[in-house]
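Written out below as structure tokens is the structure these notes cover.
The values are calculated or read from the model by the stated rules, or taken from the named source; none is laboratory data. Quantities reported herein were computed from a predicted structural model and do not represent experimental measurements. Cβ coordinates were reconstructed from backbone atoms using ideal geometry, including for glycine residues, and neighbour counts include every protein chain displayed.
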Amino acid sequence: MAVFYIRGVQQTAEQIANLTQYKMFDINIHCMRKSLFKYYPNTVFADTDGNKRNYSIEALQNNTVYLSAPSSFDDPYDCNICINWNEFVRKRIQYYAFLCGVDVKPEWDYEKTTNNLAIRIYEHMKAGGTVDTLFERCKDNQLVNVHQEYFQLMLKKEFLIPDGESYYRAINAVINQEYQEIQQMANRFRISCFAETPYSMLMWSHYSHYHQGFCVEYETPDYSDECADIYHNLFPVIYSDSRKDLTNLSLTWRSTGTLSDQELWDFYKYGLLCKSLDWKYQNEWRLISCDNLLSDSNYNCKFFKIKRVYLGNKMPAEERVKIIRICKDKGIPYMGVSIAPDRFLMRDCGILCEDCEKVKGL
């Protein structure tokens, strides 16, 4: 039996299935945590133009958070859509065969449907037809129209290879490409991740350059029109030991170009928010944006007010001074994070950074 956790509370599969978008919003509005935390590595990267940039410093200075593509995440399962390959390709080839006038039988497998579709294409072309007239394109749905145009384009391309296998190769190429596109569908969404504590040793190690970066505490305000967009797109992660099959949802999207509100919420719930129990210690929250819904063209999003900055235990003295100066300029409280002497525990440092021997004289 599948196990689920949300906000540290165990849930049944039925409870998660019945967790509607409205219920989630209602819980967030009335039970939102007072603070959320984000760990930053404070490292320099080269942007697409080759310029060296410290995105962590920019986020601190501008009070923004960067929304990342799921393809950049460290977990290979993260936002990886669970699709039954055999069922997906069987249904998609039946869809195209039907559009081309093949009397498709429900019991046909992928190979038999492909064979009959190849025969139909051959007979259509032999009778003087063209690829463009194989089926009437959908005129009312641009996305479906694009899928059909791609199918026809692949047929044209493969017909240029005179080896007698063009029909089969073209059909298989289209179906394989569609499956790959579904797997990449999550990258249309951009995500920024948050934690519930600034004292997680693992989070400092994984996301703050081995304790050399910093952590920002964001103060979550009460719900209002001003922060509604953030609230409506901020969700706690659901941890589970199983994955939800979204094959039918994917087929619907490919065939119609649209998803109902419930189907879109299922995509969020089981595709973008669900992670392995191995990550349960993170108690993660996610801000999710589709395309640039919440961000500028560089995927930077204005976020809640910065309440405090925590400096990593191993942050070099020179970097510590830089962060302190930024905090002072902006009136942001800050403190160092140290290790407890008698327990495996991170805690606030008892010494002001300015009085610490690590930074004196810099």
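Data overview
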item: Residue list for the stretch 239-248, filter: in contact with a Leu (Cβ under 7 Å, 6 or more places away or on another chain) and crowded, with 18+ Cβ neighbours inside 10 Å; result: Y239, S240
item: Residue check, E357 free of Cβ contacts under 8 Å to residues at least 24 places away in the same chain and at negative phi; result: yes
item: Pairs where the first residue, in the stretch 1-15, is in contact (Cβ under 8 Å) with a residue 40 or more places away in the chain and surrounded by 12 or more Cβ atoms within 10 Å (Cβ to Cβ) and the second is part of a loop (DSSP other than H, G, I, E, B) and charged (D, E, K, R), C-beta under 6 Å, 6+ apart; result: V3/D241
item: Any strands (runs of 3 or more DSSP E) falling wholly within the stretch 203-291 and containing at least 1 residues that are under 26 Å from I27 (Cα atoms) and of a type in the set (S, T, N, Q); result: 238-240, 274-276, 285-290
item: Which listed residue, of D355, D342, D266, is assigned by TED's automatic domain parsing to the domain that holds S71 and among the charged types (D, E, K, R); result: D266
item: Residues that are assigned to a helix (DSSP H, G or I) and within 18 Å of N62 (Cα to Cα), drawn from the stretch 320-342; result: K322, I323, I324, R325, I326, C327, K328, D329, K330
item: Lone unmet requirement of (1) part of a loop (DSSP other than H, G, I, E, B); (2) touching a residue at least 60 places away in the same chain (Cβ under 8 Å); (3) under 12 Å from M201 (Cβ atoms) for M315; result: (3)
item: Answer residue from the stretch 242-299, given it is of a type in the set (V, I, T) and over 16 Å from the mean Cα position of the chain (by Cα) and is modelled with the highest pLDDT among those; result: T247
item: Qualifying residue in the stretch 213-222 (condition: of a type in the set (G, A, S), assigned by TED's automatic domain parsing to the domain that holds W279 and touching a residue at least 12 places away in the same chain (Cβ under 8 Å)); result: yes
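Yes/no matrix, rows are residues, columns are (1) of a type in the set (F, W, Y); (2) at pLDDT 80 or above; (3) assigned to a helix (DSSP H, G or I); (4) more than 24 Å from the chain's Cα centre (by Cα):
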| site | (1), (2), (3), (4) |
| --- | --- |
| D140 | no, no, no, yes |
| G164 | no, no, no, yes |
| Q180 | no, yes, yes, no |
| N187 | no, yes, yes, no |
| C193 | no, yes, no, no |
